[in-house]
Every structure is written in structure tokens, then in C-alpha cells.
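We did not get these values from a lab; they are worked out from the coordinates using the rules stated. This one's a predicted model, so the numbers in the text were calculated from it and none came from an experiment. FYI the Cβ positions are ideal-geometry reconstructions off the backbone, even for glycines, and counts take in every protein chain you see.
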Amino acid sequence: MTHFFSCDWGTTSFRLRRVNALTGEVLAQRQESSGVRTLAARRAAGHTADNVFADFLREQLRLLAGEKSASLDGASVIISGMASSSVGWRELPYARVPWPLDGSGIVQDAFVLTVDACSRARVHLLSGVRTEADIMRGEEAEILGIFADGRHAQVAEDGIVTLPGTHSKHVRLQGRQITGFHTFMTGELFDVLSAHSLLQASVQTGDSLAAATLSQPASRDAFAAGVREASDCGLPAGLFQTRARTVLQRVPPAVNRWFLSGLLVGAEVADLVARESDVPVLLAAAEPLHAAYLLAFDMLGLTKKLTLVPPAEMALASVRGHRALFAAWAKSDLPPVH
């Protein structure tokens, strides 16, 4: 089979891509907002998980294949993310650290999915990775892709990869294995604080901010002020400054949201500086988080130890991770299916 299907199935989003297995080129893709949370609600309404998740995947595969429906028969569909969680399709146990970057420690459920009368696809549902105190699902596939084909060898041998997001991960690597990681709820804290706290009136979010980026001087200055506040005074004290700035300095909420963002990102990066100041760090983020974290790293003195994954490359990290697994399975007997 010269192609496979790569699927990121997160809490709030679903992305499916048809991928050339030889070149890694994305041939077609679909993206939906029906993440695991949406489908889990349908389960709560009395539908079984197999009916809800399998039916949704069947529909998306057919829509993606279109007139090339024959491409579905016998194809592999590799799924990472929250689909293997307790609120997902089929719950799988986490793999444990140390976890090798060749993916050989992956936990999966492999089974055949009847797509239509003429097509049966092979589904590989991947689990996440755990330590004694932390968990991840989905990021492990991105990490496989980031370090595939010997990329970033120095960090893979002894370093940290930072994956910003709703739940940012700082992943410790030693000897081309994941040996530990820490999770920071940076993105979720921003959402909660800006919508459900005293700070709601002091920051502006939503579509009206579509044009606001860190390239605008006022936004960049506000973000930098937040990073400094987190470094100098800590997060709890800094949070109230988000409100004080709008009351005392009349900072517009659309600009002040960058101060809150800087506070949260600054607190996260400051923790990394305190814990791991002597090893190389790889920043792996799409925009606009790439620019924000790069500024925080620079302000807190980590630039000399920093390597960057280009944002465009990061957008395909999970595809590359899935491709690495597909290639490894092709060299050996594929896992049995049921």
C-alpha cells in the first residue's frame, strides 16, 4: 500500500489526512470541530462508542476519498490523541517511560473497520505515554515526527522538547528515549481566566482579535511586560496586575490580553529555567505560539541553548510520526487485527 491515513483526534478537533507513504506528502485532508468531547456527548445520550466513533470515522473517510473510494480498501488509518482515552472510542492503557523515539514502545489497538460494502480499513488506535505522575495523549506522535529520520539528534540524546498548547508539555529526552515530562495548563488557564474570572473585563478575546499579533508593538510590549512580571513577582501576584493595568493605566483590553498571555507563558518558561538550565531545548510550536514562546525564551536567557522547529514543519509533526510507525510496521509483520 503506497498510502495511509493519518488522524489527529483531539478533545475539540478532528483532522484526517491521506498521505503518500513513500514521500510523506499530504494528498488530501479534512478537518472538523467534532472532537472527542462532541462525540462523547452523543455517547452520553445513549449511543454506543462503536456506533458514534466508528460511524463518524466512516463518514470522514468516505468524504475524504471521494471518487477514489477504492483507496480505502486495505488502507491503514493511524489515530492518535484522545480517541484512546476514557471519553474516547476505546480506552487504552498508557505506555510507560522510558519510551523510545522509534515508537517501538507504542501501545495500540489494531482492528478492521468496515467502511462500506466494498472497503475494509485497518485502524491503528494509539495510546499515550505516562510517567508515575503525568500523562500525554497525542503529543507522543508529534514527538516521533519531530525526531524522525535522525532530526535534532543532539536534543534526542540529551535535551528537552517544549510543545506549547492548551496543555503544554516539557519532555525530557535521554538516549533517544522519553524519560519524563511535565504538563502546564497554560492555554486552558488563559481561556478560563479570560472568560470566568475577575479578569474577564480586562482582556478581550474572540474574533475581534483576529488581526492582533505580536508583530504589533503594543501587543509585543504587553506580552514582554507579562513575562517580566511572572519572572519578577510570580504568577499569583502578577495575575491581579492584569486588572490593575486596565484600571490605573487605561490599557485597552485588546492589548492587555497579551499581558495575561505573557504572564502565563512567562511562568511556564521560568519554571523550565529553574528546573533544566544546562541542557539544549527544542521549541516545537505552530504560530502564533512559536513567536510568543520564542520571545519568552529570549527574555529569560535560554536563546543560546534553543533550537527551533519551523512552524510549517511542526504542522506536519504527527503525520511524520504516523509515517514513521507505518514504515516500521511495513518492515515487519503488522500487528494482528480483530
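If each DSSP helix of 4+ residues adds -39,500 (n - 2.57) and the sum is divided by the residues in the chain, what number results at 222 nm, nearest 500 deg cm²/dmol?
After summing the helix terms and dividing by the residues of the chain, the value is -11500 deg cm²/dmol.
Amide H neighbours of Ala21 under 5 Å, counting only residues 5+ apart in sequence or on other chains, H built in-plane at 1.01 Å?
Counting only residues 5 or more places away or on other chains, the set is His3, Phe4.
Set the Förster distance to 25 Å, then compute FRET efficiency between Gln177 and Thr23 from the Cβ-Cβ distance, nearest 0.05.
0.35
Taking θ as phi - 60°, what are the ³J(HN,Hα) couplings along segment 151-159 by the Karplus curve (6.51, -1.76, 1.60), each to the nearest whole Hz, with x for Gly and Pro?
Once θ is set to phi - 60°, the couplings for segment 151-159 become 5, 6, 4, 4, 5, 4, 7, 6, x Hz.
Out of residues 5 or more away from Ala285 or on other chains, whose amide H comes under 5 Å of its own, with H placed 1.01 Å from N in the peptide plane?
Val309
At what distance in nm do the modelled label points of Ala312 and Arg37 sit from each other, each positioned 7 Å from its Cα along Cα→Cβ?
It works out to 3.2 nm between the two label points.
By counting other Cβ atoms within 10 Å of each Cβ, how are Thr213, Thr246 ranked from fewest to most?
Thr213, Thr246
Please list, by residue number, every one of the GluC sites (Glu not before Pro) in segment 115-148 that is coil in DSSP and has at most 11 other beta-carbon atoms within 10 Å.
Qualifying residues, ordered by number: Glu132.
So, in Å, what gap is there between the alpha-carbon centers of segment 56-82 and segment 250-314?
Between the Cα centre of segment 56-82 and that of segment 250-314, the gap is 37 Å.
Once you have the Cα-Cα distance between Asn51 and Thr213, take 0.36 nm times their residue separation minus that, and quote the gain in nm to one decimal.
That pair, Asn51 and Thr213, stretches by 54.1 nm at full extension.
Convert each backbone phi in segment 170-177 into a coupling constant with the Karplus relation 6.51 cos²θ - 1.76 cosθ + 1.60 (shift: θ = phi - 60°), then list the ³J(HN,Hα) values in order as whole Hz, x for Gly and Pro.
Rounded to whole hertz, the list is 10, 10, 8, 10, 8, x, 6, 9.
Once the piece of chain linking Cys233 and Thr2 is laid out straight, how much longer is it, given 0.36 nm per residue of separation minus the C-alpha distance between them?
Additional length available on full extension: 77.6 nm.
If you take the beta carbon distance between Lys304 and Arg96 as r and set R0 to 51 Å, what does 1/(1 + (r/R0)^6) give as a FRET efficiency, to the nearest 0.05?
Plugging the Cβ-Cβ distance into 1/(1 + (r/R0)^6) gives 0.95.
Please give the contour-minus-distance gain from Arg30 to Glu67: 0.36 nm per residue of separation, less the Cα-Cα distance, rounded to one decimal in nm.
Gain on extension, Arg30 to Glu67, equals 11.8 nm.
For segment 103-112, what does the Karplus curve 6.51 cos²θ - 1.76 cosθ + 1.60, with θ = phi - 60°, yield as ³J(HN,Hα) per residue in whole Hz, taken in order and with x for Gly and Pro?
Computed from phi, the couplings for segment 103-112 are x, 5, x, 5, 9, 9, 10, 9, 8, 9 Hz.
Return the distance in nm (one decimal) between the two label points of a simple spin-label model at Val247 and Ala274, each offset 7 Å from Cα along Cα→Cβ.
Distance between the two pseudo-spin positions: 2.7 nm.
Quick check on packing: order 308-318, 23-33 by the mean number of other C-beta atoms within 10 Å, highest mean leading.
Ranked by mean Cβ neighbours within 10 Å, highest first: 308-318, 23-33.
Please report the antiparallel percentage of DSSP beta bridges with both residues in the chain, rounded to the nearest 5.
So the antiparallel bridges amount to about 65 percent of the total.
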